[in-house]
Structure formats: structure tokens, C-alpha cells
1. What are the residues in the range 63-88 that are at pLDDT below 95 and either in contact with a Phe, Trp or Tyr (Cβ under 7 Å, 6 or more places away or on another chain) or closer than 18 Å to VAL122 by Cβ (or both), if any?
2. For residues that are within 19 Å of the chain's Cα centre (by Cα) and small (Gly, Ala, Ser), scanning just the range 94-130, find the one that is farthest from MET42 (Cα to Cα).
3. If you scan the range 84-111, which residues turn out to be without any contact (Cβ under 8 Å) to a residue 12 or more places away in the chain, loosely packed, with under 13 Cβ neighbours inside 10 Å, of a type outside the set (Asp, Glu) and not in a loop (DSSP other than H, G, I, E, B)?
4. Of (1) touching a helix residue (DSSP H, G or I) at 6+ places or on another chain (Cβ under 6 Å); (2) touching a residue at least 12 places away in the same chain (Cβ under 8 Å); (3) over 30 Å from LEU111 (Cβ atoms), LEU37 satisfies all except one. Which?
5. Just for the range 50-83: of the residues that are without any contact (Cβ under 8 Å) to a residue 24 or more places away in the chain and of a type in the set (A, V, I, L, M), which one is surrounded by the most Cβ atoms within 10 Å (Cβ to Cβ)?
6. Please specify each residue of the range 1-25 satisfying the condition of being in a loop (DSSP other than H, G, I, E, B) and surrounded by 12 or more Cβ atoms within 10 Å (Cβ to Cβ).
7. Please work out if LYS106 is at pLDDT 95 or above, within 29 Å of ARG126 (Cβ to Cβ) and basic (Lys, Arg).
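The values are calculated or read from the model by the stated rules, or taken from the named source; none is laboratory data. Worth saying up front: this structure is predicted, and the values here are computed from it rather than measured. Neighbour counts are summed over all protein chains in view; Cβ atoms, including those assigned to glycine, are modelled from backbone coordinates with ideal geometry.
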Amino acid sequence: MQDRPDAPVLLEAIADFLMKEILPAVKESDALAYKTLVSWNMLGVVSREFREGDRLAEKEIARLLGYFKESGTGPDTYPEKLAFIRELNARLAKQIRDGNVSNENKVIWDLAREALKEKLSVANPRFGTD
């Protein structure tokens with residue numbers, strides 16, 4: 001583990017550099033300006049995932065385990081947590097496809113809504129979810 005600056009701070013510094021120095025220098029090229037903006041956005045996503053990803057993964061695991069009425073906390077590492085979430089969501093999707101869950105089931109809609117809000121808080125926090 002590194003001391004300061006940590007990964008999110010470094011990513012934010014690179015994003016700041018892109019916006020303040022690179023974007024003005026490439027503004028005449030639509031393609032380069034667009035790629036610079038996309039890169040800036042991706043750096044923001046990665047920075048937010050560094051900061052919040054593990055906590056949000058734990059929340060999603062807890063919700064899904066609660067839905068399946070299973071105990072436990074899930075795996076320890078972030079990549080393992082993401083794989084576990086995919087597995088749990090695949091189980092849920094299968095239940096829905098198989099017709100074992102009603103379209104009116106508020107619990108399912110709440111699971112989906114919370115997962116979407118959390119994903120958007122990382123991918124695009126400016127997107128209103130309320």
C-alpha cells in the first residue's frame with residue numbers, strides 16, 4: 001500500500017491535468033478533444049470505484065444474501081466480491097426468467113433500484129436517481 005498520494009488522488013491529478021492542460025491544447029481536433037473528455041470521465045469512474053467500490057459491493061452482497069435468506073458476508077477481496085455479486089445476480093435473474101418471481105414483487109424492484117443507484121453513483125454521480 002502506498003502513502004499519500006493514494007491512487008484516487010493520483011487519478012484526480014491526472015484528470016485535472018487532462019482538463020486544464022491537454023483539453024485546451026487539443027480543442028482544435030474534435031476527435032482528440034472527445035477522447036480527452038472520455039479519458040477524464042473514465043479516470044473519475046476509476047477514482048470513485050477505488051473510494052466506494054468495496055463498500056458498495058458489501059452492501060449489494062448483504063441485500064442479495066438477505067433476499068436469498070442466506071447468512072454470511074461473502075468473499076474478502078474486491079475482485080472476489082464482484083464475482084460473487086455476478087453469481088448472486090445470475091441466480092436472481094434465473095428465478096425471474098423461470099417465472100418464480102412476480103413482476104409486482106416490490107422486493108425485487110427495490111433490489112434492482114438500489115443496485116442501479118449505487119452503480120450510477122460510481123459511473124455518473126451527476127445522474128439523478130431520486
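1. GLY74 - this is the single residue of the range 63-88 that is at pLDDT below 95 and either in contact with a Phe, Trp or Tyr (Cβ under 7 Å, 6 or more places away or on another chain) or closer than 18 Å to VAL122 by Cβ (or both).
2. Pass one, the range 94-130, residues within 19 Å of the chain's Cα centre (by Cα): 109-130.
Filter once more, keeping what is small (Gly, Ala, Ser): 112, 115, 121, 123, 128.
Working: ALA112: 24, ALA115: 20, SER121: 14, ALA123: 8, GLY128: 19 Å.
Per the stated criteria, the residue is ALA112.
3. ARG86, ALA90, ALA93, LYS94, ARG97, LYS106, TRP109 - these are the residues of the range 84-111 that are without any contact (Cβ under 8 Å) to a residue 12 or more places away in the chain, loosely packed, with under 13 Cβ neighbours inside 10 Å, of a type outside the set (Asp, Glu) and not in a loop (DSSP other than H, G, I, E, B).
4. Only one criterion is unmet by LEU37, namely (1).
5. LEU65
6. Step one: list which residues in the range 1-25 are in a loop (DSSP other than H, G, I, E, B), which gives 1-6.
Of everything in the range 1-25, just one residue is in a loop (DSSP other than H, G, I, E, B) and surrounded by 12 or more Cβ atoms within 10 Å (Cβ to Cβ), namely ASP6.
7. Details: at pLDDT 95 or above: no; within 29 Å of ARG126 (Cβ to Cβ): yes; basic (Lys, Arg): yes.
Against the criterion (at pLDDT 95 or above, within 29 Å of ARG126 (Cβ to Cβ) and basic (Lys, Arg)), LYS106 does not qualify.
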